[in-house]
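**Q** Dropping the structure in here first, questions after.
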């Protein structure tokens, strides 16, 4: 199943329309979307307006791939569960969000190799053609991974918990969770500091 989510705050008709039209062309019956209070109503995919936390996580667990806005919650939920995720950021100039923090988020996590990024509808349509080939972010293999680029513990394997059973560096995830809790929009500050990661 392909799980599509736009998050809990605002609809994202541009993303839902592209996925719906793609599913219709390919007669895909395995797509389920959480669409928010959308104006565009899908014709080819199953959908709901909102989901409770338990339903969201159960659907995510059952998914083979995720398509989402570039929201931190959606990205981290997929990465933690080792689900391949394709994201398209909302744009402020189209009235889809208040600022372009999702563009920065998509670029940053794309550069880290944690997500597949489509910057617009054309890229999204093209990348949906290969959605079944999309792979989750690589798990730890005992070597420094792309996720460690920003991590001050990358050159200190004795202190790095990267070998834990997780799909991304736990320092990165811990720091992102901390910033997410503070609703901190500055993607440039995701570089991990020991205090943010909860590591002395």
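The values are calculated or read from the model by the stated rules, or taken from the named source; none is laboratory data. Keep in mind the model is a prediction, meaning the values are calculated, not measured. Cβ placement follows ideal geometry from the backbone for every residue including glycine, while neighbour counts extend to all protein chains displayed.
**Q** Output the number of residues of the stretch 107-119 satisfying the condition of being in a loop (DSSP other than H, G, I, E, B) and surrounded by fewer than 17 Cβ atoms within 10 Å (Cβ to Cβ).
**A** Result for the stretch 107-119: 2.
**Q** Related question: Tally time: how many residues in the stretch 125-141 are at pLDDT 95 or above and surrounded by 14 or more Cβ atoms within 10 Å (Cβ to Cβ)?
**A** 4
**Q** Hey, among the residues in the stretch 1-40 that are surrounded by 23 or more Cβ atoms within 10 Å (Cβ to Cβ) and in a loop (DSSP other than H, G, I, E, B), which one's nearest to the chain's Cα centre (by Cα)?
**A** 6
**Q** Further question: Looking for whichever is part of a helix (DSSP H, G or I), farther than 16 Å from residue 18 by Cα and modelled with pLDDT of 90 or more here; the options are 122, 57. Which one fits?
**A** Exactly one residue qualifies, and that residue is 57.
**Q** Identify the residue in the stretch 49-68 that is more than 14 Å from residue 2 (Cα to Cα) and touching a residue at least 12 places away in the same chain (Cβ under 8 Å) and, among all such residues, is surrounded by the most Cβ atoms within 10 Å (Cβ to Cβ).
**A** That would be 51.
**Q** Please find, within the stretch 69-82, the residue that is nearest to the chain's Cα centre (by Cα) out of those that are in contact (Cβ under 8 Å) with a residue 60 or more places away in the chain and crowded, with 21+ Cβ neighbours inside 10 Å.
**A** Ranking the qualifying residues of the stretch 69-82, first place goes to 74.
**Q** In this structure, is residue 78 touching a strand residue (DSSP E or B) at 6+ places or on another chain (Cβ under 9 Å), within 23 Å of residue 136 (Cα to Cα), at pLDDT below 95 and assigned by TED's automatic domain parsing to the domain that holds residue 119?
**A** yes
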